[in-house]
Amino acid sequence: GYIGLEAAAVLRKMELEVTVLEMAPRVLARVTSEVLSDYLTSLHMMHGVSIKTSTQVNGIQDHEGKLQVVCNDNAEYLADFVLVGIGVGPNTTLAETAGVSLDDGIVVDEKGCTSVPHIFAAGDCTRHPNRFAGGNVRLESVQNANDQARVVAANMVGKASIYDAAPWFWSDQYDIKLQMAGLNSNYDSTVTRGDPTNAENEGFCVFYLRAGELVAVDSVARPKEFMAGKQLIARGITPDKANIADEQIEPASWLKP
Ligand SMILES: Cc1cc2nc3c(=O)[nH]c(=O)nc-3n(C[C@H](O)[C@H](O)[C@H](O)COP(=O)(O)OP(=O)(O)OC[C@H]3O[C@@H](n4cnc5c(N)ncnc54)[C@H](O)[C@@H]3O)c2cc1C
């Protein structure tokens with residue numbers, strides 16, 4: 001995932017030997033397209049990271065002063081240290097004690113109200129209605145934590161406010177800035193703008209569509225496309241696919257009626 005890859009990039013910069021073990025057939029399979037996964041795999045390999053996909057870790061044990069990581073294919077890796085980045089779960093013990101409704105997180109409405117009057121929640125721990133997800137979702141991002149917290153704080157002091165921000169995320173790996181907007185779950189087609197094989201020089205991005213509507217964009221060193229994409233998604237505008245792919249067309253023009 002992003003945490004494992006970001007850590008790999010930092011550790012390579014420190015000239016440590018890094019092996020990434022990934023259970024899925026490709027890196028970031030849960031959150032991004034094959035184009036992005038392939039690009040990031042080659043980026044990391046170019047920087048000397050060894051990436052093993054379809055490799056499930058079965059156990060980690062002490063071995064003569066080192067750690068031995070044992071995998072499902074019986075491969076063993078000796079390491080000085082192991083970083084485990086396999087996702088997190090919400091800590092809902094306090095909410096549970098308070099009698100608040102839970103569903104893989106604290107269930108809140110668009111104002112951040114829980115099922116118990118006068119108890120609000122915001123951030124990673126909440127499952128909230130989100131039109132960009134097409135239903136309830138639990139998001140783990142700084143954007144969500146900040147924007148939802150502002151809405152919840154306003155509601156707590158009696159200023160009615162609805163949480164309706166378009167999700168966005170970022171990840172820095174080596175000198176590359178990845179910026180993502182929207183949620184690409186269940187996308188059924190993509191449009192790539194730019195050439196992933198020339199990403200080092202010019203960046204590229206992938207636009208995700210679901211039933212013909214733009215739902216997300218992943219950009220590699222393409223801030224203009226990211227900014228335009230974020231606004232398009234927030235406003236529910238889908239440019240023509242040919243216009244998205246056409247590098248002669250400025251991203252800002254997609255927003256013009
Ligand atoms: C390694 C890492 C890298 C990340 N990188 C990115 C990134 O690049 N971009 C991005 O958008 N997001 C990133 N995230 C996610 C981002 O950090 C979280 O989405 C964000 O911090 C969520 O904020 P929060 O306030 O909801 O929760 P948290 O930041 O988890 O804060 C919750 C706080 O509540 C405290 N707490 C819990 N229970 C109790 C209790 N009973 N009483 C009192 N206090 C309690 C906890 O100690 C904690 O301090 C990253 C996360 C990690 C772990």
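Loop-resident GluC sites (Glu not before Pro) (DSSP state other than H, G, I, E or B) in segment 69-174 with no more than 16 further Cβ atoms inside 10 Å of their Cβ: Glu110, Glu140.
Accessible surface area normalised per residue over the chain is 55 Å², counting heavy atoms of protein chains with a 1.4 Å rolling probe. Within the assembled protein chains, the solvent-accessible surface assigned to Cys113 is about 40 Å², based on a 1.4 Å probe.
Phi angles of segment 183-192 translate, via the Karplus equation with coefficients 6.51, -1.76, 1.60 and θ = phi - 60°, into HN-Hα couplings of 10, 9, 4, 6, 5, 10, 7, 9, 10, 9 Hz per residue; Gly and Pro are given as x. Other residues whose C-beta falls under 12 angstrom from the C-beta of Gln231 contribute a net charge of +3, scoring Lys and Arg +1 and Asp and Glu -1.
Within the same chain, lysines fewer than 8 places from Lys52 are excluded, and of the rest, those with a Cα less than 21 Å from its Cα are Lys13, Lys66.
Normalised by the number of residues in segment 98-257, the mean separation of alpha-carbon contacts (under 8 Å, six or more apart) gives a relative contact order of 14 percent. The 3J(HN,Hα) values that the Karplus relation (6.51, -1.76, 1.60; θ = phi - 60°) gives for segment 146-159 are, in residue order, 6, 5, 5, 4, 4, 5, 5, 4, 4, 5, 5, 9, x, 9 Hz. Gly and Pro appear as x. Nonpolar atom fraction for the chain, defined as the carbon and sulfur part of the 1.4 Å probe accessible area, stands at 51 percent. Of all DSSP beta bridges confined to the chain, the antiparallel ones make up roughly 90%.
Computed from backbone phi with θ = phi - 60° and the Karplus coefficients 6.51, -1.76 and 1.60, the 3J(HN,Hα) list for segment 212-219 is x, 10, 5, 10, 6, 9, 10, 10 Hz; x is used for glycine and proline. Take Ile86: with every protein chain present and a 1.4 Å probe, its accessible area is about 150 Å².
Using alpha-carbon positions, what is the distance between the centroids of segment 68-123 and segment 179-257, in Å? Each part's Cα centre sits 31 Å from the other's. A cut-off of 5 Å between modelled amide H atoms, ignoring neighbours fewer than 5 places along the same chain, links Ala121 with Thr114.
The values are calculated or read from the model by the stated rules, or taken from the named source; none is laboratory data. Note that the coordinates shown come from a computational prediction; the quantities given were computed from them, not determined experimentally. Please note: Cβ atoms are built from the backbone with ideal geometry, for glycine as well, and neighbour counts cover all protein chains shown. The protein model used for the area step is the full one, side chains on, heavy atoms only, and it has no ligands, DNA or RNA in it. Shrake-Rupley method; radii C 1.70, N 1.55, O 1.52, S 1.80 Å.
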